[in-house]
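Everything below concerns the one structure shown next.
Every number in this text was worked out from the coordinates using simple rules, so none of it is lab data. Everything numeric in this text was worked out from a predicted model, so none of it was measured. Quick reminder, even Gly has a Cβ in these numbers, built from the backbone with ideal geometry, and neighbours come from all protein chains shown.
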Amino acid sequence: MLADYSLLLVGAILVNNFVLVQFLGLCPFMGVSNKLETAIGMSSATTFVLTLASIVSWLTYEWLLLPLGLGYLKTIAFILVIAVVVQFTEMVVRKTSPMLYKVLGVFLPLITTNCAVLGVALININKQHSFLESAFYGFGAALGFSLVLVLFAAMRERLAVADVPEPFKGPAIGMITAGLMSLAFMGFAGLV
Amino acid sequence: MIDFIQQTPFLAALGALLLLGLPFGALLGFAAIRFKTEGDPIADQIESLLPQTQCGQCSFPGCRPYAEAIANGEAINKCPPGGEDTIQALADLLDVEVLPLDAEHGEEAIKTVAYIREDECIGCTKCIQACPVDAILGAAKQMHTVIKSECTGCDLCVEPCPVDCIDMLELPTTLQNWSWNLPDANIIASDRQAAPEVGA
């Protein structure tokens, strides 16, 4: 029982990492990784949204769409759920941490279109996860996202002052770094 | 009725989305009131770092307008009374580069406090009107005096005084504002002589 959930977590964080293995949610991964503090703020916002969205999506699907035989509506219903959770998060962040709100800027509402969020909700349905499994899977995916975002931001802070050859400066070396990180994460395949 | 809805998938879909949308809308409406932000919280934080002299040396009519201007991207180095410390604190808050104080707006001066030589005061109330922080007490044709703990040392009362009875005095050194004297700039031998030319 406990082993199942921890396997699910490890699987979502490392083996099937949403950013570096499944290539979902690359937009904030490249966009807000310039500074470590911003990355941490974005990670916590995304963690909150992902976990909550996967829980509410599961409830919506199992309790509302399935009984009415409306399984085909799941994509639009999930997008509605995600948009509401993101909007709620935006209000909370704006109230509690105005600096973070300003720094995250457009990337905060853009969590709505972060495909990792919708991806988790849909995968939960496809894999026929139970309620708890969905919650853990969403949380694990969020942890994996946070992990690579923070790691990547830390590396990019160093890259900003590193002696990079002229043609590779800026986003180019960021892409290369992301590729190498992705290769490294592929090494986790077979762990679970 | 229920049968009818179940047999018309279009109505069922519409109803389901409506059923989803209503509580979500209610939740957001509640959150909009519960987490309402009034004014500009960033400007508030910036203002709390400014020295509140209300002196206008930054070319804005006071500390609050300058704080709002900074929140909208104005340079952070226009506050001479705050000096390096304020610039450093603002740079930390806003996560921007530390800039040297903009000399156009004046230089960082030693903290002073206004002092009215009371036996020369004619009670014209001009300095009271000039004081941005209401630190001067007095009435027409009565002697005025400065509340030392309220005075920000902004200089604005000196100019209007018709009999020049206001002095700006340096704050006496107390345990609260005492600090080490900085060591001399040329303290070791290599400071006093130019560096030898490389490869000469």
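Let's see if you can work this out: charge +1 on each Lys and Arg Cβ, -1 on each Asp and Glu Cβ, no other charges. What is the dipole magnitude of chain A about its Cα centre, in debye to the nearest 20?
Rounded to the nearest 20 debye, it is 300 debye.
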Practice task
Find the Rg to Rh ratio for the stretch B:1-151, where Rh is the Kirkwood radius over alpha-carbon pairs and Rg uses the same atoms.
Solution key: 1.39
Exercise for the section: For chain B, return all DSSP H helices satisfying: extent of Cα atoms along own axis at least 27 Å; mean Kyte-Doolittle hydropathy at least -0.5. Expected result: B:9-34
Problem - Rg/Rh for the stretch A:38-96, where both radii come from Cα atoms and Rh is the Kirkwood radius - result: 1.09
Fill in the blank from the handout: One would report the Cα pair-distance distribution of the stretch B:112-170, bin width 10 Å, in %, as 27, 63, 9
Handout entry: Computed log₁₀ I(q)/I(0) - Debye formula, equal Cα scatterers, no solvent, the stretch B:1-76, q 0.15, 0.26 Å⁻¹
Key = -0.66, -1.08
Fill in the blank from the handout: Checking every Cys Cβ in chain B against the others at 4.7 Å leaves as unpaired B:Cys58, B:Cys63, B:Cys79, B:Cys121, B:Cys124, B:Cys131, B:Cys151, B:Cys161, B:Cys165
Problem - Fewest-first ranking of A:Ser134, B:Ser48, A:Ser182, using other Cβ atoms within 10 Å as the exposure measure - result: B:Ser48, A:Ser182, A:Ser134
Handout entry: Sparsely packed chymotrypsin sites (Phe, Trp or Tyr not before Pro) within the stretch B:3-95, loop by DSSP, other Cβ within 10 Å at most 15
Key = B:Phe35
Exercise for the section: Counting other Cβ atoms within 10 Å, keep those with at most 13, restrict to DSSP loop, and tell me which GluC sites (Glu not before Pro) in the stretch B:70-142 are left. Expected result: B:Glu97, B:Glu107
Handout entry: Top of A:Gln87, A:Gln128, A:Gln22 by mean-square fluctuation, Gaussian network on chain A, Cα under 10 Å
Key = A:Gln128
Handout entry: Average Cα contact separation per residue, chain B, under 8 Å, 6 or more apart, as relative contact order %
Key = 15 percent
Completion exercise
Here the convex hull volume per residue of the stretch A:4-63, taken over Cα atoms and given in Å³, is 104 Å³
Fill in the blank from the handout: Between B:His105 and A:Lys95, Cβ-based FRET efficiency (R0 25 Å, step 0.05) works out to 0.15
Practice task
Helix by helix through chain A, keep the DSSP H runs that span 15 Å or more along the axis on Cα and average at least -0.5 on Kyte-Doolittle, and give those back in order.
Solution key: A:36-59, A:74-96, A:115-126, A:131-161, A:171-186
Problem - Only Lys, Arg (+1) and Asp, Glu (-1) charged, at Cβ; the stretch B:112-170 dipole about Cα centre in debye - result: 220 debye
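How big is D, in µm² s⁻¹, for the stretch B:70-200 by Stokes-Einstein at 4 °C and 1.567 mPa s if Rh is the Kirkwood radius over C-alpha pairs?
My calculation gives 71 µm²/s for D.
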Completion exercise
Taking A:Leu52, B:Leu17 and counting other beta carbon atoms within 10 angstrom, the fewest-first order is B:Leu17, A:Leu52
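Starting from the coordinates of the alpha-carbon atoms of the stretch B:41-105, obtain the Kirkwood hydrodynamic radius over all distinct pairs and give the value in Å to one decimal.
Values: mean 1/r = 0.0885 Å⁻¹.
This gives a value of 11.3 Å.
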Practice task
Evaluate the charge dipole of chain B about its Cα centre and quote only its size in Debye, nearest 20, assuming +1 on the Cβ of each Lys and Arg and -1 on the Cβ of each Asp and Glu.
Solution key: 800 debye
Handout entry: Fewest-first ranking of B:His105, A:His129, using other Cβ atoms within 10 Å as the exposure measure
Key = B:His105, A:His129
Exercise for the section: Determine how many Å³ per residue the convex hull of the Cα atoms of the protein assembly as shown encloses. Expected result: 267 Å³
Fill in the blank from the handout: Semi-axes of chain A from the Cα gyration tensor (sqrt of 5 times each eigenvalue, largest first, whole Å) come to 30, 21, 13
